[in-house]
């Protein structure tokens, strides 16, 4: 099976093996998928702006005309040399999944097909076919956490010739991670703001990265995950009235639940006390009570079910942007109601 674990992806991208003619990158962080796709394309050595050597297709158009993918994949570059085919926005379409299985089974000389997809379950046809293909590689791209996020911050600091103290780093990481491209943009903005100073401070982070909606966003997420049903509608209204994009609320909630899932595994499977697990995460002191309440209430099974519901709502909101606000409001309220139910059951 040709696949890498999430922690092995960067090593593969640093030294890619182009014996694999088709590479699938997938995961919930579309920014991370896009950035890694661009890195792989650059390593392949084809100018993405050269219309004779590179082409970009969308998953939707491929489903309507799968022959286009075969034509582009097997067409020689007009001026000779390598040929790059990128497919963006791939989903659960059958035509693309079947084509990935077929094209990934053969060696396409001097041609690389990069497929960018969202989060794919283990049994998703596109992922399964890419993993089975003799000349295909599947690369999972998950949310920026831990070392990956630190690495991105270090890259931007190094490029700007800056240092950063630990408090500033923790404050910055608390505001990043939902989307790689957005996170990198915030890091670059911070470095530009601090340019000329010997080190980046927590005050710099608060001044340039934390906007007026950051605290309100934290409050809304904390209220949702800890079951503050009565207080949550006001917090949502305050955010949306201030112009906070709905995807920001969805992504913040998704990321928080992914963190809870990792912490809860330690509580349920290794018997780690809730307080100690939360201490390892080192949340801001104002957020600690909500995190402890949530970690005590949500079981692994409940967290997994809620994550699936959040991901489904995110997909639905992207398909129908006109209903995005309504869907986001429902996601947060459903989360709060379930959290309140779990906490009540825990006290019974």
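The values are calculated or read from the model by the stated rules, or taken from the named source; none is laboratory data. None of the values given here were measured: they were computed from a predicted structure. In this analysis, Cβ positions are derived from the backbone assuming ideal geometry, glycine residues included, and neighbour counts consider all displayed protein chains.
The single residue among 238, 264 that is surrounded by fewer than 18 Cβ atoms within 10 Å (Cβ to Cβ) and either touching a helix residue (DSSP H, G or I) at 6+ places or on another chain (Cβ under 9 Å) or not assigned by TED's automatic domain parsing to the domain that holds residue 180 (or both) turns out to be 238. Scanning region 1-12 for residues that are assigned to a helix (DSSP H, G or I) and out of contact with any strand residue (DSSP E or B) (no Cβ under 8 Å at 6 or more places or on another chain) turns up 7, 8, 10, 11. Has region 62-84 got at least one residue that is surrounded by fewer than 20 Cβ atoms within 10 Å (Cβ to Cβ) and closer than 15 Å to residue 130 by Cα? There is no residue in region 62-84 that is surrounded by fewer than 20 Cβ atoms within 10 Å (Cβ to Cβ) and closer than 15 Å to residue 130 by Cα. Note on region 243-280: among residues that are within 15 Å of residue 329 (Cβ to Cβ) and free of Cβ contacts under 8 Å to residues at least 40 places away in the same chain, the one that is farthest from the chain's Cα centre (by Cα) is 244. Considered as a group, the residues in region 1-18 that are exposed (fewer than 14 other Cβ atoms within 10 Å of the Cβ) and under 20 Å from residue 127 (Cβ atoms) include one that is modelled with the highest pLDDT, and that residue is 17.
Residues of region 108-119 that are within 11 Å of residue 136 (Cα to Cα) and outside any strand (DSSP E or B): 108 alone.
When residue 340 is tested against (1) more than 23 Å from the chain's Cα centre (by Cα); (2) in contact (Cβ under 8 Å) with a residue 24 or more places away in the chain; (3) surrounded by 20 or more Cβ atoms within 10 Å (Cβ to Cβ), exactly one condition is not met: (3).
For region 35-57, how many residues are within 24 Å of residue 182 (Cβ to Cβ), at pLDDT below 90 and in contact with a strand residue (DSSP E or B) (Cβ under 8 Å, 6 or more places away or on another chain)? Final tally of qualifying residues: 1.
The residue list 24, 32 contains one member that is modelled with pLDDT of 90 or more, closer than 19 Å to residue 120 by Cβ and outside any loop (DSSP other than H, G, I, E, B), which is 24.
Could you tell me whether residue 147 is outside the structural domain of residue 11 (by TED's automatic domain parsing) and either touching a strand residue (DSSP E or B) at 6+ places or on another chain (Cβ under 6 Å) or surrounded by fewer than 18 Cβ atoms within 10 Å (Cβ to Cβ) (or both)?
For residue 147, the condition - outside the structural domain of residue 11 (by TED's automatic domain parsing) and either touching a strand residue (DSSP E or B) at 6+ places or on another chain (Cβ under 6 Å) or surrounded by fewer than 18 Cβ atoms within 10 Å (Cβ to Cβ) (or both) - is met.
Let's see how each residue does on (1) outside any helix (DSSP H, G or I); (2) assigned by TED's automatic domain parsing to the domain that holds residue 44:
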| residue | (1), (2) |
| --- | --- |
| 57 | yes, yes |
| 68 | no, yes |
| 72 | no, yes |
| 85 | yes, yes |
| 92 | yes, yes |
| 98 | no, yes |
| 106 | yes, yes |
| 127 | no, yes |
| 159 | no, no |
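Looking across region 25-46, just one residue is in contact (Cβ under 8 Å) with a residue 40 or more places away in the chain and at positive phi, and that is 27.
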